[in-house]
Every structure is written in C-alpha cells, then in structure tokens.
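Have a look at the structure below before the remarks.
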C-alpha cells in the first residue's frame, strides 16, 4: 500500500506520508479497541472467578496484561503466516487452527458442563389472552408484495 500511495500521490509533497500515517493510525486504533474488548471479555468470563477480592488497579493491570498477550499472539500469528509458502500450506494451517479451536471448545464443555435443571422463572399472569392464543392469522400478500417476493410467480 505505501508503494501504491507513493506512485499515485508523489506529485503532492507531504500528502503520501500523511495518507499512510492516517491509514496506519486508523488500523492501530481498531486493533487496540479489539484487543481491549477481548481482554475485558476474557476477564469477565474466565479470570474474574479466580480473583474474588481484588482492587480495581490490579484488575486493570491484569486486563492490560491480557490485552498485551492478545497483541503478542496476533504478532506471532502474523509472523507464522508470513513464513507459509503456498496456498495449500495456508489451507492446512487454517484447518489445523479450526480443529484446534473446536477441540478446545469440546474439552471446555466436557470439563465445565452446563448446569442441569436451570430454568428461569416464567410467569404469564400479566399477559393479555390474545398473546397467549396459539391460533395464528393468515396474512395475504398484495400484488405489489408478491412481485417483490423471493419466490416470484407472475
């Protein structure tokens, strides 16, 4: 991309550098937001239960460490992908990654099974009777609606 910008905007001094810096700044901003979101979700869903009484400063420090770990993992994956030679090797790497993620999810559901018999309390005492009725009304399509339907039949 920097080569393309230099070729197309080389007649305007300073503009290629400004353009490339804006693109890189936007991409880094998006990446940092994503890593922070991943770190927060990881903290809330996985790590929080192991640290019951922890101060806000320590929680923030752990969350920053998790975000840094995600960033280092992304850099490592970028280096690994850069070393891949052919499309076949990339496809095999994607297959192995997908199988690994599915295996991790499967092992996680075996180790931490879903609680049995958990159901939220449901009450229909305040619902009007027309909502509780199982009878549905058939709606007819107009000619204009029928014309733009997925299954158009003239």
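Residues of the range 29-54 being loosely packed, with under 10 Cβ neighbours inside 10 Å and not in a helix (DSSP H, G or I), which ones? Correct list: 52, 53. Against the conditions (1) at pLDDT 85 or above; (2) in contact with a helix residue (DSSP H, G or I) (Cβ under 6 Å, 6 or more places away or on another chain), residue 46 satisfies every one except (2).
Return the only residue of 6, 1 being more than 24 Å from residue 112 (Cα to Cα), surrounded by 12 or more Cβ atoms within 10 Å (Cβ to Cβ) and modelled with pLDDT under 85. Don't jump to the end; show me each part of the working.
Numbers: 1 fails: surrounded by 12 or more Cβ atoms within 10 Å (Cβ to Cβ).
Testing whether each residue is more than 24 Å from residue 112 (Cα to Cα), surrounded by 12 or more Cβ atoms within 10 Å (Cβ to Cβ) and modelled with pLDDT under 85 leaves just 6.
The values are calculated or read from the model by the stated rules, or taken from the named source; none is laboratory data. Being a predicted model, the structure only gives us computed values, none of them experimental. Backbone-built Cβ (ideal geometry, glycine too); neighbour counts: all protein chains shown.
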